[in-house]
Each structure stands twice: as C-alpha cells, then as structure tokens.
Amino acid sequence: RKGTAVITGASSGLGLATAKALAETGKWHVIMGCRDFLKASRAAKAAGMDKDSYTVVHLDLASLDSVRQFVKSVRQLEMPVDVVVCNAAVYQPTAKEPSFTADGFEMSVGVNHLGHFLLARELLADLQSSDYPSKRLIIVGSITGNTNTLAGNVPPKANLGDLRGLAGGLNGVGSSVMIDGGEFDGAKAYKDSKVCNMLTMQEFHRRYHEETGVTFASLYPGCIATTGLFREHIPLFRLLFPPFQKYITKGYVSEEEAGKRLAQVVSDPSLTKSGVYWSWNKNSASFENQLSEEASDADKAKKLWEISEKLVGLA
Ligand code: NDP
C-alpha cells in the first residue's frame, strides 16, 4: 500500500515542495494540514500534484482547539498515519509588539512549538497503530537555533534560559512573552522556537523510540531564501537575502531541492536512525549533524517537555 504522510504548513515553501516530491513518487498520499484551505488546494493544483495524491485538512496551529479538531478530522479519513512532519512556522523578525495565539501564547513559540507539541503527542498513538514498516515523526529544525554555527551566532541568539517565561504561560500578563523571561524580540522568539523543536524531537526519541519503534528526526534542509518565511522582513532584506545566501554563504538551496531533502527524511530507507538531526553537504549528501550545547541539553529537553504538556493541557 501507499504510505500516508501528514505535513503541516504544506501550502507553501518547504512543506509544499516536500508534498510534491512525495506525491510524485506514486508511493505516498499526503495529508496537508493547512490553515488556509483554499490556498492549500490551489497550491497543490498549481504544483501539478495529482488530485488523488493529497487531502487538505484544516489546521490552525495558533489554536489548540484547531489542533485537536485536526486530529479528529485525520482519524475520520480512516487512512493510516505512517509519517508526521511538523513543518509549519511563523517568523516575525520586524514585529515591534508580540502577537498571540487563541490560547494566549506568544505567536512564534505558540505556533512553531506548542501547536506542534500537542499535535505530535496526539498523533503518536496513530503512528503506533500503523502497520507501516518505517514510521517516522519529523520536526523541521533550523541552523539559526544552533549557536555552534556561524548562522546561529548572528544576534539575537537563541537562548531559553531557565524557561521562566514559558513556565509563566508566555502570555505577557503574569509572565514575559519570551521563553527566557526577557523583552519581546520576534527574531529571537523564532530561533527559540526552533531550539524547542530540536529539543522536543530528542525528548520524543528518549521517551518513545524503544517502546514504539518510531523514528524521531529533525533536520536543517539548507537556507531556502526564497520561501514565504521571510515575508515579514523589510523589502531590502528580501531582495538581498537570496543572492547573499547563493554567492556569499553558499548555504542557499532551492525549494525543490529542500523538498527532496525532507522527502528523504520521510521515506529514504537509509535514513531510519532515530534521534538524528540531519543536514546536507555541498554535494547534497545527507549526514548526521551536531546540535549546539543548548539544543542537545537533555535536562532542558525534559523541563521543556514537562512545562509544554501543562500549557497544552496534557498534564
Ligand atoms: P513558508 O512561510 O513558505 O511556509 C510556512 C508554512 O507554515 C506555510 O504553509 C504557512 O501557511 C504555515 N503556517 C504558518 N502559520 C500557521 C498556522 N498558524 N497554522 C498552520 N500553518 C501555518 O516558510 P518555509 O517553507 O521556509 O518554512 C517551512 C519550515 O522550514 C519552517 O519550520 C522553517 O522554520 C523551516 N526552515 C526554513 C528555512 C528557510 O531558509 N526558509 C531554513 C531552515 C528551516 P500559509 O501558507 O497559510 O501562510
């Protein structure tokens, strides 16, 4: 039978390119979890995806109710869930003021981390009951959260501190809107959320890999400088960022190539190792990359897990 992969944020950029790459193999059906149903349907059509190769299901990660409803809707499809890819993200580098999810969390961490945390926890049961030979839960990470890299050292750097802001609810009422308790900074909030993504993947691995056999992985697909992720950046940045990445840092990767990379993490028989953060070298060969000290801190991962499950109502 075909494999079924759930991909969040598949209406553009990396998620769409991955959905297309998987659909084109003829071996995958993609459940596209998207907040804008019409945009996602149009994007899949415009990408030339066969109409039998995907199903769009509404998902707004900025609402925990919507996440729970999405899980119900996916179950009603009565398709197995063989792979889950947490890909959607918001990035608000120029925001002066924080914005908030329906549950009152600062938007970047609320969508990128907390929404996906609930989704992944809920869908783990579905992955467990699938009979697919290689079941995987993938969370898209980023180099920018990794302070052991050049890109990760561009200020403001990711830093979760002692998680006091998160523990306080990240709502700006009784607590800070930043995980470390500091002042709002949209670029930092994004980087912090990506550190959360990478820590979450490892904590899943420690807690559930042996018991479930599910492969837990994260990745940095390269700098896809052309995606909508940078839509809120200043126009000059959007103009210069792609050539800068292409010719100066040489970290640039096209959406199509990045989609192929993520599709490998979904389906390649050689990428079944769990607990790995994948990256690709100049020749587009995958390798197991090292995470920064903070992004591989097991105590922090455990603490993040415990606070997050309280915030999303699982504990
Ligand atoms: P895009 O902005 O193109 O894609 C992000 C997707 O997330 C869109 O489909 C968007 O939906 C969706 N999304 C945003 N908010 C929500 C929400 N509340 N609920 C549901 N979906 C939502 O960016 P990319 O393709 O670049 O980003 C994809 C992933 O890749 C992210 O995890 C990002 O951190 C990661 N990444 C990107 C890099 C890059 O260089 N671009 C580098 C490293 C990692 P909509 O279409 O409706 O806006």
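The values are calculated or read from the model by the stated rules, or taken from the named source; none is laboratory data. Treat the numbers as computed from the prediction; the structure is a model and nothing was measured. As a convention, Cβ positions derive from the backbone with ideal geometry for all residues, glycine included, and neighbour counts pool all protein chains shown. Side chains included, ligands, DNA and RNA excluded: accessible areas come from the protein's heavy atoms. Shrake-Rupley method; radii C 1.70, N 1.55, O 1.52, S 1.80 Å.
Quick look at the values:
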quantity	calculated
For L77, solvent-accessible area (1.4 Å; no DNA, RNA or ligand), Å²	60
Three-way shape label, region 180-286, alpha-carbon gyration tensor, a/c 1.5	oblate
Per residue solvent-accessible surface (Å²) - the chain, probe of 1.4 Å	43
T25 versus I234: modelled label distance in nm, points set 7 Å from Cα along the beta carbon direction	4.3
Additional length obtainable on full extension of the chain from A102 to R42, 0.36 nm per residue less Cα span	19.0 nm
Hits among lysines - C-alpha to C-alpha of K51 under 25 Å, sequence gap 8 or more where chains match	K2, K20, K27, K39, K72, K135, K260
Cα-projected label distance for A315 with N159, points at 7 Å along beta-carbon direction, nm	2.5
In range of the label at A285: residues from region 207-223 whose backbone nitrogen is under 17 Å from the point 7 Å along Cα→Cβ	none
Modelled FRET efficiency - R0 25 Å, L77 with D268, Cβ distances, 0.05 increments	0.50
For F244, solvent-accessible area (1.4 Å; no DNA, RNA or ligand), Å²	100
Rg(Cα)/(2.2 N^0.38 Å) for the chain, N = residue count	0.92
